[in-house]
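The values are calculated or read from the model by the stated rules, or taken from the named source; none is laboratory data. Keep in mind that this is a model prediction, so the values were computed, not measured. Here Cβ is always computed from backbone atoms with ideal geometry, including for glycine, and neighbour counts include all displayed protein chains.
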């Protein structure tokens, strides 16, 4: 009964994504150019270093990691913070709060539609191209399944962070500032702009305990069977890490949201 | 009967709008503080990424840390004008779709000017300071002489470089007039700028040409800064860059205005 | 300067839109489809408006009203036909045309959102290069017509909808344009604010001889402001004449209200006096019941318009 409602939202999300056909093509093209930039930069970097393996990563490893991270980045892109600030400015937020389905649930399911569309339209083609070009550098086995599961966790972690940050907008009007801080932190600390393997050890230890790793680094490690994810224990550890953050961030999100909503209802928006 | 509106008119209008805008911004101090922190953090993050890279690889294509820092600072300064004066491009898409954009077409002034005049982004100044500091540090470390000529060259070529990023963002923003769901183009174009701080010599011939003449990120730092970094063998493109910059800026403006004319304003 | 403020001859505007299909499958199909269709928003419209007139420009939703307004303001280029506003071709001389027009677009404020109104006024004064003397005179005129003190130092952000509309109208007249376009200026306003705004528009039209083109769905606006109305439907002009004439356009309609002895409520019948005699209807009523009370009313503009929209051209 209720699940049908969610599926309907998801379906609408998929349709909306397909609606912008030229937009989709342009996005793919822009990504391609971005990847060309990444390719040349790291090629030059490795060529100047004179060695093949740096911090356990070969040039191929780094490229696969960064390309897939970029593809994941598109796939996980959400504008919850902007949606929220717009709905606050227009006063629509009051309606959102009154809706039978909570703002959080509604947002999650309508975005999941665009996630599915993006996954099929952007991630899978990128993945296939990388697979063919690197000729078997990506292991093809159960790891694909583990990766998919890990991506779902990543999605939830990412969404929870978005919601937490969007909630801040109920306190301050500074959407841009709040959003840019979030984006910067996530991009750097999740391994989306530079593989975490390149960070100095001490910093890496700190980063490994933060939630941002769960978004890009863990799914990619799982996919590439790196970082110990090829053993059951290693895989369990990574899942545990993701799941733990899912729970913590989800609860934190609810508590913070409720606190913020109470403030709105008290102050009358 | 008709009134003439020249450069003087536009400058004075811009100044007046700017003053009013700053006045009203003062009343949102929290926003200003948070945005500034955000700006500083992005710059710090970019810097950290840069340092982490050099921690693993001491040179890139024969460029050492100081020369790379020079490019880095140069690109940050060159990116300031687009951040400060053309930031309203980011709002174009939502305004076009909601139909609110139409209000810019009812005034007897240039639409592009009127639209851009509405937002002056103070945060860009933080980036500017960051860029200046980096550039001065690298300048001193490399030991480029400080003469009237070198400083004048720096100013001229920084201005030149800034035109290219403005042009790129104008075109990226203007795509929304033709293509629905093109919001990502701006996001990725803005990410391209992160590659402006690397020497264009890392590309092969084909892509070097593309990143010089199609998506001109090589002009945001690399070519213009060669006038100071390699004063003995300045490439022709460096000398031509002010001219090319003007051409790019004008083309992007033409595309933007064409979008306004062609768009049918059905959003309502 | 010529007598005509606006001249439109055989004006047409077409749009090309993608033919979209329904459902998830349809969305996937649309991804590759090149199935476009042409929609004619405005068809062959010919209208002349003289200086100083207040003209009601009416039509059901999607009839092509705002497309026409957008062509008159120079935002859209017509597909074919001739258009002159203050003697200029609007889309060719957009900036020049804008100097002599003012526009208020419904609930969409064109003022600087976070500036006090007086600062917006000063910026507009500079933007339109209005001489200081004229500007001060205009502000004085405003003061005499409406109480502007409460809004003058407020930012648009802080204003109520009524105050915002009022401010937008004042801003549209500030540079004393020849023509002002008002698109649904009273939408969403309360009764007292509506009448305040109507009085203001009338006052400004009287003092400044400004031509006003008013689009609205509120017949109260039409009755209060317009002598002449133009109605378009599905892109075509279907009526252009006096508001008085409108009432007899489809025949002489009047509403007969009778109260019969078995009920307390009034029963209403719309009668076309050209085809039916009022007395016949009354006699018909009397056959079944005793008539306690009779009233004969002129048809309201609202009802005529309703008939017009529903029935289209006859």
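Residue-wise test of (1) within 7 Å of chain B (Cβ to nearest Cβ); (2) modelled with pLDDT of 85 or more; (3) in a helix (DSSP H, G or I); (4) within 29 Å of residue B:62 (Cα to Cα).
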residue: A:18; (1), (2), (3), (4): no, no, yes, no
residue: A:25; (1), (2), (3), (4): no, no, yes, no
residue: A:28; (1), (2), (3), (4): no, no, yes, no
residue: A:42; (1), (2), (3), (4): no, yes, yes, yes
residue: A:46; (1), (2), (3), (4): no, yes, yes, yes
residue: A:52; (1), (2), (3), (4): no, no, no, yes
If I ask for residues that are in a helix (DSSP H, G or I) and surrounded by fewer than 23 Cβ atoms within 10 Å (Cβ to Cβ), which ones from the range C:98-119 would you list?
C:99, C:118, C:119
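If we only count helices (runs of 4 or more DSSP H) wholly inside the range B:1-110, which ones have 2 or more residues that are in contact with a helix residue (DSSP H, G or I) (Cβ under 6 Å, 6 or more places away or on another chain) and at the interface with chain A (Cβ under 10 Å from one of its Cβ atoms)?
Result: B:29-56.
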Could you list, in sequence order, the residues of the range C:72-85 that are buried (at least 19 other Cβ atoms within 10 Å of the Cβ) and either assigned to a helix (DSSP H, G or I) or within 10 Å of chain B (Cβ to nearest Cβ) (or both)?
C:72, C:73, C:74, C:75, C:76
Among the candidates A:129, A:186, which residue alone is modelled with pLDDT of 80 or more and within 14 Å of another protein chain (Cβ to nearest Cβ)?
A:186
The residue from A:247, A:266, A:261 that alone is modelled with pLDDT of 90 or more and assigned to a helix (DSSP H, G or I) is A:247
Out of the residues in the range B:176-213 meeting the condition of being part of a helix (DSSP H, G or I), facing chain A (nearest Cβ under 9 Å) and touching a residue at least 40 places away in the same chain (Cβ under 8 Å), tell me which one is farthest from residue A:75 (Cα to Cα).
B:201
Taking the range B:214-236 and keeping only residues that are touching a helix residue (DSSP H, G or I) at 6+ places or on another chain (Cβ under 9 Å), outside any loop (DSSP other than H, G, I, E, B) and away from chain A (no Cβ under 14 Å), one is left with B:219, B:223, B:224, B:225, B:226, B:227, B:228, B:229
Taking the range C:132-153, which residues are surrounded by fewer than 17 Cβ atoms within 10 Å (Cβ to Cβ) and not in a helix (DSSP H, G or I)?
C:147, C:153
Quick one: which residue in A:200, A:195 is crowded, with 20+ Cβ neighbours inside 10 Å and more than 15 Å from residue A:154 (Cα to Cα)?
A:195
Residue hits (the range C:95-129; modelled with pLDDT under 90, within 10 Å of chain B (Cβ to nearest Cβ) and within 22 Å of the chain's Cα centre (by Cα)) are C:105, C:106, C:108, C:109, C:110, C:111
